[in-house]
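Engineer: First, the structure itself, so that you have it in front of you.
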Amino acid sequence: MSAPVIFSTITTASGHLFGHALLNNPSALNALTLPMIDLLDPQLKAWAEDDSIAGVVLSAAGDKAFCAGGDVVSLHHASKRVGAGQVPPEAEAFFEREYRLDYRIHTYPKPILCWAHGIVMGGGVGLMVGASHRVVSPNARIAMPEIHIGLYPDVAGTWFLHRMPKHTGLFLALTGAMINAGDAMLGNWADAVVEHAQFSEVLQVIENTNWFGELKADRELLSTLLKGFETEAPKPLLHTHAKAIDEVMNRDALIDIDLALRELLQHSEPWLAKAAQAYAHGSPTSAALSYELMKRHANADLADVLRLEYQASVGCCAHPDFPEGVRALLVDKDKLPRWTPAHLREVEAELIADILTPRFKDSHPLADLGKA
């Protein structure tokens, strides 16, 4: 079988190299597995320490998707094996190493061009958002849909969603609504919109360019090169519906937002009605957890965000909604999740506190993030 991530290098006109990491699981829409993470992270570290490497390209095989999210089906099966209320070791390993990879991308000392075409969801957004140069295709379909599986927008989602205009980030967290390339630009998830068919030409230009081997200069040069390929982005849905979103989300309490979102179920605009329907069908506990984390992460450091998200994600594995949500959506595919509790008014503060409770011994598994 082919490797789940394929690595190569591009020799440029200046003699510098660009590392190229290709996600290679197109039949699963390049869903991010632990073996993929365990290949990517050490290779990125090696390239960061190699003076001959001027930058990195991160892309994916196939025409449908960059990355449709993390491999939550494997975590579902692991949770079922250990039983209710227990955290499988596979989940602890996955979330720790995934968040380490995301942090590495956010803090990378060289330019990273992330070429995110087609479907980009969940863990795929986590890979994309932290890169220095984020390219999305005009037909990109982007979402943080974790509320549908009893999780929440992790991979630093509670950090970058909070930094979107007005209340749009919270709206996306609660609804998992699908957005487009224009929205990605609006929300600072992307830097350029380029046709996927031009990827080989972009690689050719990178190859034919004289690079400096210096972060600031090479970042500026890569930005300039990408401008030559940009195309018009679709009109942002979040801009089109900004007034309606603000009216719904500008409330003092989640229970009030809940009521306002449910009023959107009958909205004449299909995108808004679909978003409201997705919220109403999602996990009430996920909604409460997302709301709490976004409040806490208003001015938080990225490393601290990922540390708390680790606790939240591991806690979700000990809570029934995550395995049940994955079962309903991705395993049995009946799309009839039985949430516990079933209604937002039944989600008590003690439940959210329990999900966020540390479930590790000794020091935090991500204690070293952000430390020199």
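Engineer: Filter segment 162-180 down to the residues that are touching a Lys or Arg at 6+ places or on another chain (Cβ under 9 Å) and closer than 17 Å to ILE119 by Cβ, then identify the one that is most open to solvent (accessible area, probe 1.4 Å).
Structural biologist: Filtering segment 162-180 for residues that are touching a Lys or Arg at 6+ places or on another chain (Cβ under 9 Å) and closer than 17 Å to ILE119 by Cβ, the one most open to solvent (accessible area, probe 1.4 Å) comes out as MET178.
Engineer: Listed residues VAL135, VAL129; which is within 12 Å of the chain's Cα centre (by Cα), crowded, with 21+ Cβ neighbours inside 10 Å and not charged (D, E, K, R)?
Structural biologist: VAL129
Engineer: Next question. Do any residues in segment 239-251 that are more than 18 Å from LYS274 (Cβ to Cβ) have Cβ atoms under 7 Å from those of residues that are open to solvent by less than 40 Å² (accessible area, probe 1.4 Å), where the two are at least six apart or on different chains, and which pairs are they?
Structural biologist: ARG251/ILE257; ARG251/ALA260
Engineer: Still on this structure, I have one more. Could you count how many residues in segment 192-208 are closer than 10 Å to PRO138 by Cα and in contact with a Phe, Trp or Tyr (Cβ under 9 Å, 6 or more places away or on another chain)?
Structural biologist: 4
Engineer: Here's something else I'd like to know. Quick one: is TRP159 open to solvent by 10 Å² or more (accessible area, probe 1.4 Å) and under 16 Å from LEU127 (Cα atoms)? Walk me through it before giving the result.
Structural biologist: Values: open to solvent by 10 Å² or more (accessible area, probe 1.4 Å): yes; under 16 Å from LEU127 (Cα atoms): yes.
For TRP159, the condition - open to solvent by 10 Å² or more (accessible area, probe 1.4 Å) and under 16 Å from LEU127 (Cα atoms) - is met.
Engineer: On to the next question. Out of the residues in segment 81-109 that are buried (at least 17 other Cβ atoms within 10 Å of the Cβ) and hydrophobic (A, V, I, L, M, F, W, C), which is farthest from MET36 (Cα to Cα)?
Structural biologist: Here the residue is VAL87.
Engineer: What is the number of the single condition among (1) surrounded by 20 or more Cβ atoms within 10 Å (Cβ to Cβ); (2) farther than 21 Å from GLN198 by Cα that VAL120 does not meet?
Structural biologist: VAL120 satisfies all of (1) surrounded by 20 or more Cβ atoms within 10 Å (Cβ to Cβ); (2) farther than 21 Å from GLN198 by Cα except (2).
Engineer: Scan segment 57-80 and tell me whether some residue there is hydroxyl-bearing (Ser, Thr, Tyr), over 26 Å from HIS117 (Cβ atoms) and out of contact with any strand residue (DSSP E or B) (no Cβ under 9 Å at 6 or more places or on another chain). Lay out the reasoning, then the answer.
Structural biologist: Of the residues in segment 57-80, the ones hydroxyl-bearing (Ser, Thr, Tyr) are 59, 74, 79.
Applying the additional criterion that residues be over 26 Å from HIS117 (Cβ atoms) yields 79.
If we keep only those that are out of contact with any strand residue (DSSP E or B) (no Cβ under 9 Å at 6 or more places or on another chain) too, we end up with 79.
Scanning segment 57-80, I find at least one residue that is hydroxyl-bearing (Ser, Thr, Tyr), over 26 Å from HIS117 (Cβ atoms) and out of contact with any strand residue (DSSP E or B) (no Cβ under 9 Å at 6 or more places or on another chain), so the answer is yes.
Engineer: Follow-up. Can you go through ALA54, ALA78 and tell me which one is modelled with pLDDT under 95 and either surrounded by 17 or more Cβ atoms within 10 Å (Cβ to Cβ) or not in a loop (DSSP other than H, G, I, E, B) (or both)? Steps first, please.
Structural biologist: On the way: ALA54 fails: modelled with pLDDT under 95.
Going through ALA54, ALA78 in turn, the sole match is ALA78.
Engineer: With respect to ASP154, determine if the residue is more than 14 Å from LEU289 (Cα to Cα), of a type outside the set (A, V, I, L, M) and surrounded by 23 or more Cβ atoms within 10 Å (Cβ to Cβ). Give the steps one after another, and end with the answer.
Structural biologist: Values: more than 14 Å from LEU289 (Cα to Cα): no; of a type outside the set (A, V, I, L, M): yes; surrounded by 23 or more Cβ atoms within 10 Å (Cβ to Cβ): yes.
Taking the combined requirement at face value, the residue does not satisfy it.
Engineer: To continue, here is another question. So, in segment 1-41, of the ones that are under 16 Å from PHE94 (Cβ atoms) and free of Cβ contacts under 8 Å to residues at least 40 places away in the same chain, which residue ends up most open to solvent (accessible area, probe 1.4 Å)?
Structural biologist: The selected residue is PRO35.
Engineer: Does GLY70 satisfy the condition of being without any contact (Cβ under 8 Å) to a residue 40 or more places away in the chain and open to solvent by less than 30 Å² (accessible area, probe 1.4 Å)? Step through it out loud before you land on a result.
Structural biologist: On the way: without any contact (Cβ under 8 Å) to a residue 40 or more places away in the chain: no; open to solvent by less than 30 Å² (accessible area, probe 1.4 Å): yes.
No, not satisfied.
Engineer: Right, something else. When you scan segment 261-279, do you find a residue that is closer than 27 Å to TRP115 by Cβ and in contact with a Pro (Cβ under 9 Å, 6 or more places away or on another chain), even just one? Full working, then the answer.
Structural biologist: Taking segment 261-279 first, the residues closer than 27 Å to TRP115 by Cβ are 271.
If we keep only those that are in contact with a Pro (Cβ under 9 Å, 6 or more places away or on another chain) as well, we get none.
No, because not a single residue in segment 261-279 is closer than 27 Å to TRP115 by Cβ and in contact with a Pro (Cβ under 9 Å, 6 or more places away or on another chain).
Engineer: Mind checking which pairs have a first residue in segment 341-353 that is in contact (Cβ under 8 Å) with a residue 40 or more places away in the chain and a second that is open to solvent by less than 80 Å² (accessible area, probe 1.4 Å) and of a type in the set (Ser, Thr, Tyr), Cβ under 8 Å, 6 or more apart or different chains?
Structural biologist: Partner pairs satisfying both residue conditions: PRO341/THR285; VAL347/THR285; LEU351/THR285; ILE352/THR285.
Engineer: Right, something else. Report yes if some residue within segment 333-349 is within 21 Å of SER74 (Cβ to Cβ), open to solvent by 80 Å² or more (accessible area, probe 1.4 Å) and of a type in the set (D, E, K, R); otherwise report no.
Structural biologist: Start the filter on segment 333-349 by keeping residues that are within 21 Å of SER74 (Cβ to Cβ), which leaves 333-335, 337.
Filter again for open to solvent by 80 Å² or more (accessible area, probe 1.4 Å), leaving 333, 335.
The next check asks that each one be of a type in the set (D, E, K, R); those that pass are 333, 335.
Taking every residue of segment 333-349 in turn, at least one turns out to be within 21 Å of SER74 (Cβ to Cβ), open to solvent by 80 Å² or more (accessible area, probe 1.4 Å) and of a type in the set (D, E, K, R).
Engineer: Please verify whether segment 199-208 includes one or more residues that are open to solvent by less than 30 Å² (accessible area, probe 1.4 Å) and in contact with a Lys or Arg (Cβ under 9 Å, 6 or more places away or on another chain).
Structural biologist: no
Engineer: How many residues are surrounded by fewer than 21 Cβ atoms within 10 Å (Cβ to Cβ) and not in a loop (DSSP other than H, G, I, E, B) when one looks only at segment 181-191?
Structural biologist: Qualifying residue count for the region: 1.
Engineer: So, in segment 50-104, how many residues would count as being within 29 Å of SER223 (Cβ to Cβ) and hydroxyl-bearing (Ser, Thr, Tyr)? Quick ask: steps written out before the conclusion?
Structural biologist: Let us first name the residues in segment 50-104 that are within 29 Å of SER223 (Cβ to Cβ), namely 50-69, 98-104.
Keeping just the survivors that are hydroxyl-bearing (Ser, Thr, Tyr) gives 52, 59, 99, 103.
The total comes to 4.
Engineer: So, one more: Considering only segment 42-74, state which residues are under 21 Å from PRO153 (Cα atoms) and under 17 Å from the mean Cα position of the chain (by Cα). Talk me through it step by step, then tell me what you get.
Structural biologist: First, the residues of segment 42-74 that are under 21 Å from PRO153 (Cα atoms): 65-74.
Of everything in segment 42-74, those that are under 21 Å from PRO153 (Cα atoms) and under 17 Å from the mean Cα position of the chain (by Cα) turn out to be ALA65, PHE66, CYS67, ALA68, GLY69, GLY70, ASP71, VAL72, VAL73.
Engineer: Hey, another quick one. Output yes when any residue across segment 178-187 is in contact with a Pro (Cβ under 9 Å, 6 or more places away or on another chain), at pLDDT 95 or above and polar (S, T, N, Q), and no when none is.
Structural biologist: Yes, some residue in segment 178-187 is in contact with a Pro (Cβ under 9 Å, 6 or more places away or on another chain), at pLDDT 95 or above and polar (S, T, N, Q).
The values are calculated or read from the model by the stated rules, or taken from the named source; none is laboratory data. Remember, it's a predicted structure, so these values are computed and weren't measured experimentally. In this analysis, Cβ positions are derived from the backbone assuming ideal geometry, glycine residues included, and neighbour counts consider all displayed protein chains. Calculation scope for accessible area: heavy atoms of the full protein, side chains included, ligands and nucleic acids excluded. Shrake-Rupley method; radii C 1.70, N 1.55, O 1.52, S 1.80 Å.
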